[in-house]
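The values are calculated or read from the model by the stated rules, or taken from the named source; none is laboratory data. Computed from a predicted model, the values in this text were never measured in an experiment. Cβ sites come from the backbone with ideal geometry, for glycine too, and all protein chains shown count toward neighbours. We work out accessible area using only protein heavy atoms, side chains counted, and drop any ligands, DNA or RNA first. Shrake-Rupley method; radii C 1.70, N 1.55, O 1.52, S 1.80 Å.
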Amino acid sequence: MERFTVTVFCGSSPGFDPIYVDAARAVGIAIGRAGMNLVYGGGHVGLMGTVADAAVAAGAHVTGVIPRALQAREAVNHNIAELVIVDTMHERKMMMADRADAFLALPGGPGTLEELTEQWTWAQLGIHTKPVGLLNIDGYFDPLLAFVANMRDRGFTHPRYTDMLVVATEADEALARLRDYVPPAHSEASPGAEMTGALSLPVRP
């Protein structure tokens with residue numbers, strides 16, 4: 001049986017509050033103790049380096065994927081089991097997506113936000129049925145979750161798609177919910193068209 005693989009998106013910065021580093025370390029430890037694999041961005045800086053080092057120490061198989069242009073800037077991590085160097089950010093994101101059974105975002109900057117929302121969008125469109133979650137440490141993602149609720153309340157996305165985001169505050173809880181995730185029924189309409197009421201297409205179980 002193949003091991004469950006979690007792709008983690010997180011900051012190349014540690015943030016100002018040590019709580020974020022502690023949370024990243026807890027995620028890495030939890031992944032290793034749960035017998036899971038980790039895929040991440042390949043760097044050895046910020047929360048990226050923390051989660052990878054903790055996962056390695058806890059016995060996880062860790063794969064890093066990094067573009068050549070970022071090798072120096074993100075200080076490539078040579079302590080991991082597998083390091084894949086690619087040419088572009090698009091290749092990096094595609095490989096991280098292909099190898100994942102689930103996605104988990106930790107606090108981070110614009111890159112983390114882009115990776116999280118891309119995978120959530122792909123799940124909405126039925127490109128994949130993998131769970132997409134975020135670890136809401138000290139309310140870090142509260143503004144994003146409020147914005148997501150605003151999208152729903154103003155008719156720009158269906159509640160089934162906002163509800164598919166897995167939100168947790170503890171590492172073990174996040175991993176358990178990602179592993180137990182059941183995707184919602186899939187509509188033949190696009191998320192936007194579904195909200196207009198103009199299309200009446202079947203929902204597949």
Computed from the beta carbon distance with a Förster radius of 35 Å, FRET efficiency for Asp17 and Met89 to the nearest 0.05 stands at 0.80
How much length, in nm to one decimal, is gained on full extension between Gln71 and Leu145, taken as 0.36 nm per residue of separation minus their Cα-Cα distance? 23.4 nm
Roughly how many Å is it from the Cα centre of region 30-85 to that of region 91-130, as a whole number? 17 Å
At 25 °C and 0.890 mPa s, what whole-number value in µm²/s does Stokes-Einstein give for the translational diffusion of region 1-92, with Rh from the Kirkwood sum over Cα pairs? 191 µm²/s
Hydropathy first: keep DSSP H helices in the chain averaging at least -0.5 on Kyte-Doolittle, then drop any whose Cα extent along the axis falls short of 20 Å, and list what survives. 18-33
Taking amide H positions as placed in the peptide plane 1.01 Å from N, state which residues far from Val84 in sequence (5 or more) or on other chains have amide H under 5 Å from it. Gly64, Val65, Ile66
Out of the DSSP beta bridges found with both residues in region 5-84, what percent are antiparallel (nearest 5)? 10 percent
Cα gyration tensor, the chain - rounded (a/c under 1.5), prolate or oblate: prolate
Just name one of Gly46, Leu113, Val56: the one whose Cα is farthest towards the positive end of the charge dipole of region 16-143 (beta-carbon charges, Lys/Arg +1, Asp/Glu -1). Val56
Any idea of the accessible area per residue across the chain, 1.4 Å probe, to the nearest Å²? 49 Å²
Sorted by chain and number, the residues with a modelled amide H under 5 Å from that of Val166, at a separation of 5 or more or across chains, are Val132, Gly133, Leu134
Within region 43-135, what whole-number % of the accessible surface is contributed by carbon and sulfur, with the 1.4 Å probe and all protein chains included in the calculation? 56 percent
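Share of antiparallel DSSP beta bridges in the chain, in percent to the nearest 5?
Of those bridges, close to 10 percent are antiparallel.
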